[in-house]
Structure formats: structure tokens, C-alpha cells
Amino acid sequence: MIYTITLNPTIDRLLFLEGTLTKGKNNRLRKVAYDIGGKGHHGSYAMNQSGVKNQALGFSGTINASKLEKILSDKGINYDFVEVYGKPTRESYVILEEKVGGSILITEKGFNITDYDIGLLFEKIEHKVQREDMVLIAGSVPPGFDLHDLENLLKQLKKIGCFIACDLSGEALKKAVEIGVDFIKPNQFEVQELIPSDGNFLEPIKELSKKIKYVIVSLGKDGSVCSHAGEVHQVSAPTVELVNDTGAGDCFVGTFLASLSLSKSLAECLSLASACAANQVQYNDSTTFNIKDARKLQKEVTVKKLS
Ligand code: ATP
Ligand code: MG
């Protein structure tokens, strides 16, 4: 079983404008749509498309719980959240202008998590997670959940002995490296924050791989570099027409871990993840991709051993 943990979930409210955003004018909306915003939830969606059973864990606020639950149910995501009474799950506003690529993102911080809520999450994990499971912790941490809490969460998972994957950034990512997890996938900016280098990622990757079984540095349209079992692999990305690259990393991580849980070869895990993420950037939301189309793209992906 795979569990994804989204500590700071968000509901994406996609605002499709008539024309472009203009100050001093009443900007009218063509339509409003909702999408899942949490990185772990995106990972769960990607695992579902790969046919791998998983459950999304984390916090949700009771005030708008039905809204989040409807979005997750519509996307077929199985979840079991710690419900925080009297709080709303944060929303992100994604402004999409007519005939203009890209989007404007405005995000709420999220509500305060208390020690009581954190205790409930730890209890849930204790009951559910087994040694043979995989756990993905993804996204930002909410107010009230500090580095010490993250350390306790990681130590709890290490004690269980499950496979721990982290898609974190900044201090949280540093903490994951310090504690020693099984998988990280920083992008080029996140790895730079972790170990400053002159743009050559090989040294930081080699350094990180002393402690971490799977280190993947993702480089957007330039693909990714993966270090595992003393070998470094360069993975290409298929050339596609970019619509929205938000969530490409989540799609990559979700599909990679799904393939790994099915005991696929490393080259297969990497090439399928690269193809799925490339397929995903062609959609205007940050979740959707089509695994059948991705399998066709996978033929274009090369996985080259560097050392
Ligand atoms: P996010 O945090 O928004 O999920 P990220 O910054 O963590 O994304 P990226 O490095 O942008 O992750 O992308 C992850 C992977 O997705 C890349 O390694 C690549 O395989 C694929 N990808 C991203 N952008 C493109 C693109 N324009 N064309 C093809 N593949 C892409
Ligand atoms: Mg990322």
C-alpha cells in the first residue's frame, strides 16, 4: 500500500477570465472550476492512473470539508484525513486569461495546526502504516507544524521501517536529508538551496546519494538526473507543447513511485514518469494526464548511464 501525506492541502479554484486581467475594470469570469491543489493529492491521482492502490492522508478543515471531498471523490482519490474542527482548508486562486498561456497563482497560507491535530495524525499513521508500505510526504508544511514535528513524523516512519519518499523544499527538505529518507526529488532550484553548486548537479547528487537510496533532480523540459545504487542516469524529457507545467513534478513522483511499488526496473520507472509528466504539462490544470498517451511518449525517452 502507498500512503501520500499532504500536510497543507489546498483547493484550487480555477478562475477562467473573459479576456485578460485588467486593473480598474470589472474582470468577468467565463467559468469557475475546482481542482485538487495539494502535492500529495496530485501524487495519489498519478498513482491511481498507474493502477496502484493508495490512500491520501493529512489534514482537512471541517468548514469546507465537503468541497475538498467532492473534488477528491470526482478524481477517484481514496482519503482518510484528520479533520480539524471549525477551520477551512485553504484555497488557491488560479487566474487563467483568455488566449494567454500560463496562470497567476494566489495562495492562502492555511490554518494553524495544533499539537492535538498532529497527535491524531501520528495515531492514524501508527494504526495504518506497515513496514512493507511506501509513504510519500509532499508539499509545504502548514502553520503550527514546525520542523520538530516533521522530524518526529520522519522518525515515526523510520521506526516502522517503511519506504519514505519526500517531495519537500527548503528547511523541510534539509530535515528529510538529515534524518535520511529513501527518495527525494528536488527540482534544480531546490537542490541548489540544499547544496549550492555552480549549476553542475553531479557533485550534489553524488553527495546526497551517500545517504539517500533514490535521488532525482528534475530539470523541467531538460528531463532529470537520477542516482541510485552507485549509478547516475540521465533521463530525457519528450518534446511537447507546454500549456501548464504546475504539478509536473508531482506527476513524475507519483508515477515513479507507483512503478517502483510494482517492482519495475529503474529505467522503466524513470522513462514512464518522464513521459507521464510530459503528457501532463499539455493540460491546463495541474493534475490531468493520460497514461495511454504517455506510454506512446515513453518510446521517445532515453535513460543514459553516466557513470
Ligand atoms: P512542480 O513542483 O510544479 O510539480 P517541479 O519544479 O518539481 O514541478 P519540474 O522539474 O518542472 O518539477 O518537472 C518534473 C519533470 O516533469 C521533469 O523532470 C520532466 O521530466 C517533466 N517536465 C517538466 N516540464 C516539462 C516540459 N516542458 N516538457 C516535457 N517534460 C517536462
Ligand atoms: Mg516540485
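The values are calculated or read from the model by the stated rules, or taken from the named source; none is laboratory data. Treat the numbers as computed from the prediction; the structure is a model and nothing was measured. Cβ coordinates were reconstructed from backbone atoms using ideal geometry, including for glycine residues, and neighbour counts include every protein chain displayed. Ligands, DNA and RNA are stripped out before the accessible areas are found, and what is left, the full protein with its side chains, is counted by its heavy atoms. Shrake-Rupley method; radii C 1.70, N 1.55, O 1.52, S 1.80 Å.
Enumerate the lysines that K206 could reach by cross-link, defined here as Cα to Cα under 25 Å, with residues fewer than 8 away along the same chain left out. The reachable lysines, counting only those whose Cα sits under 25 Å from K206, are K155, K158, K174, K175, K185, K221, K264, K304, K305. Based on protein heavy atoms only, the stretch 99-163 ends up with 56 Å² per residue of surface accessible to a 1.4 Å probe.
Of the residues V253, V32, ranked by 1.4 Å probe accessible area with the largest first, the sequence reads V32, V253. The portion of the accessible surface of the chain made up by carbon and sulfur, rounded to a whole percent, is 50 (1.4 Å probe; DNA, RNA and ligands excluded).
Sequence-distant contacts, meaning Cα pairs under 8 Å at least 6 residues apart, place the relative contact order of the chain at 16 percent.
Quick check on the chain: helices-only [θ] at 222 nm, where DSSP H runs of length 4 and up contribute -39,500 (n - 2.57) each and the sum goes over total residues. Nearest 500, please.
Values: 10 runs with 110 residues, N = 307.
-11000 deg cm²/dmol, from helical runs alone.
For the stretch 38-83, the solvent-accessible area works out to 35 Å² per residue, with a probe of 1.4 Å and every protein chain left in place.
Based on protein heavy atoms only, the stretch 180-307 ends up with 46 Å² per residue of surface accessible to a 1.4 Å probe. Within the full protein context, the accessible area of C251 is estimated at about 0 Å² for a probe radius of 1.4 Å. Counting only lysines at least 8 places from K67 when in the same chain, those with an alpha carbon closer than 27 Å to its own are K31, K39, K53, K75, K87, K109, K124, K128.
With both partners inside the chain, how many of the DSSP beta bridges are antiparallel, as a percent to the nearest 5?
Values: 24 of 56 bridges.
So the antiparallel bridges amount to about 45 percent of the total.
Dividing the mean sequence gap of close Cα pairs (under 8 Å, 6+ apart) by how many residues the stretch 152-307 holds gives a relative contact order of 18 percent. Just name one of Y283, A33, G161: the one whose Cα is farthest towards the positive end of the charge dipole of the chain (beta-carbon charges, Lys/Arg +1, Asp/Glu -1). Of the listed residues, the answer is Y283.
Within the full protein context, the accessible area of T62 is estimated at about 40 Å² for a probe radius of 1.4 Å.
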